[in-house]
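The values are calculated or read from the model by the stated rules, or taken from the named source; none is laboratory data. Just so it is clear, the model here is predicted, and its values are computed rather than measured. Cβ: placed from backbone, ideal geometry, glycine included. Neighbour counts: every protein chain shown. In case anyone asks, the SASA skips ligands and DNA or RNA and just uses the protein heavy atoms, side chains included. Shrake-Rupley method; radii C 1.70, N 1.55, O 1.52, S 1.80 Å.
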Amino acid sequence: MTTKKITRLAMLLSLGLILSYLESMLPLNFSVPGIKIGLANMVTMLVLYNYGVKDSSVILLLRVVLSGLIFTGLNTILFGIVGGAFCIAAMSVGKKLNCFSVIGVSVIGAFFHNIGQLVAAFIVMQNSNIIYYFPYLAIAGAVSGFLVGYVSAFLIKRFQNI
Amino acid sequence: MSLQKSSDYNLKKGDLILIAVILSITGIAALLIMQQKRGDQVIITSGEAKETYSLNESRTIRVSCESGGYNTVVIRNGMVWVEEADCKNQICVNHKPVSKNHESIVCIPHKLFIDVKSSRNNDIDN
């Protein structure tokens, strides 16, 4: 790992943290808890495409833990880790399949992130009623995943030449 | 740093299929959930905890309360009642079985609330 790469990944990690923070400040109040845009997923996508699965998993884990400690509180770390693990696993498989574009991979990531969060919520609350959230989360995830993927495609393209 | 193929940036056929699949899975899930939700329900609230059961499935639930006591709630033949409890006043045990919408059984010493959500309305006072 060269110094250049370390520096870049560190900067991308900070960018992800800023995006997490920005998103937590946005006054978007949906009636269903758990719906969010997933701005920070842009960074995960960027690292996934330009550096690979391993680096992006590390960046994702660090971002979730750090943003949990700094901004959102400890109990969101568990949700973030389970959701993030589902998300990165699904995205790397989706990327390998070669039949999806950046946008498709982002939609897959959003969908599996939601599934991961529901699994985490089920583990924590031991209540199967949590499944009622699934349709709302899945639709919101498809929309936000599409938008985030669209922006990520531009980002990945631009960052490649740097 | 590996360069991506330019085709990765534009929407592919696979993406559209993926989105269609996700939306249809969601639609099916929503339909299944709505069907399940339409049934008559029993909502048992004990302190902060809240559980929902179907009114049409027979079962016996032992609800423990925070202060250590218990209530045994029985759901059978579309009716709910408290079979047994170790509370002081036994009001919940003596309450008649409930089955209609908005009917409830309350055990104040154990902070237990049993509410019925049903399509059958209470015809008293209507």
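Assorted remarks:
- Selection status of residue B:39, modelled with pLDDT under 85, open to solvent by less than 40 Å² (accessible area, probe 1.4 Å) and not charged (D, E, K, R): yes
- Filter result for residue B:80 (more than 14 Å from chain A (Cβ to nearest Cβ) and within 17 Å of the chain's Cα centre (by Cα)): yes
- Of the numbered criteria (1) within 13 Å of another protein chain (Cβ to nearest Cβ); (2) at pLDDT 80 or above; (3) crowded, with 16+ Cβ neighbours inside 10 Å, the one residue B:29 fails is (3).
- Hits in segment A:109-124 (condition: open to solvent by less than 50 Å² (accessible area, probe 1.4 Å) and more than 17 Å from residue A:43 (Cβ to Cβ)): A:111, A:114, A:115, A:116, A:117, A:118, A:120, A:121
- Any chance residue B:82 is open to solvent by less than 60 Å² (accessible area, probe 1.4 Å), in the same structural domain as residue B:102 (by TED's automatic domain parsing) and at pLDDT 90 or above: yes
- When the criteria are applied in full, residue A:57 meets the requirement of being at pLDDT 95 or above and either in contact with a helix residue (DSSP H, G or I) (Cβ under 6 Å, 6 or more places away or on another chain) or open to solvent by 20 Å² or more (accessible area, probe 1.4 Å) (or both).
- If you check B:15, B:8 for being modelled with pLDDT of 85 or more, at negative phi and either facing chain A (nearest Cβ under 9 Å) or touching a helix residue (DSSP H, G or I) at 6+ places or on another chain (Cβ under 9 Å) (or both), only one passes: B:15.
- When segment B:85-126 is filtered for residues that are of a type in the set (Asp, Glu) and open to solvent by 50 Å² or more (accessible area, probe 1.4 Å), the ones remaining, listed by number, are B:86, B:115, B:123, B:125.
- Residue in segment A:127-153 that is most open to solvent (accessible area, probe 1.4 Å), counting only those that are at pLDDT 90 or above and more than 19 Å from residue B:27 (Cβ to Cβ): A:150
- A single entry from A:92, A:57, A:101 fulfils the requirement of being of a type outside the set (Asp, Glu) and either over 30 Å from residue B:16 (Cβ atoms) or in contact with a Phe, Trp or Tyr (Cβ under 9 Å, 6 or more places away or on another chain) (or both): A:101.
- Residues satisfying the stated conditions in segment A:63-93, i.e. hydroxyl-bearing (Ser, Thr, Tyr) and either open to solvent by 50 Å² or more (accessible area, probe 1.4 Å) or without any contact (Cβ under 8 Å) to a residue 12 or more places away in the chain (or both): A:72, A:76
- Options A:109, A:84: the member that is under 30 Å from residue B:20 (Cα atoms) and touching a Cys at 6+ places or on another chain (Cβ under 7 Å): A:109
- Failed item in (1) assigned by TED's automatic domain parsing to the domain that holds residue B:103; (2) exposed (fewer than 15 other Cβ atoms within 10 Å of the Cβ); (3) modelled with pLDDT under 90, with residue B:65 passing the rest: (2)
- Output for segment A:1-27, where each listed residue is polar (S, T, N, Q) and surrounded by fewer than 18 Cβ atoms within 10 Å (Cβ to Cβ): A:2, A:3, A:7, A:14, A:24
- Within segment A:28-50, considering residues that are among the hydroxyl-bearing types (Ser, Thr, Tyr) and buried (at least 24 other Cβ atoms within 10 Å of the Cβ), the one farthest from residue A:161 (Cα to Cα): A:44
- Contacts under 7 angstrom Cβ, first residue in segment B:74-98 being of a type in the set (Asp, Glu), partner open to solvent by 10 Å² or more (accessible area, probe 1.4 Å) and outside any loop (DSSP other than H, G, I, E, B), 6 or more apart: B:83/B:72; B:84/B:72; B:84/B:93; B:86/B:70
- Scope segment A:91-108; condition within 11 Å of chain B (Cβ to nearest Cβ) and of a type outside the set (Val, Ile, Thr); matching residues: A:94, A:95, A:97, A:98, A:99, A:100, A:101, A:104, A:106
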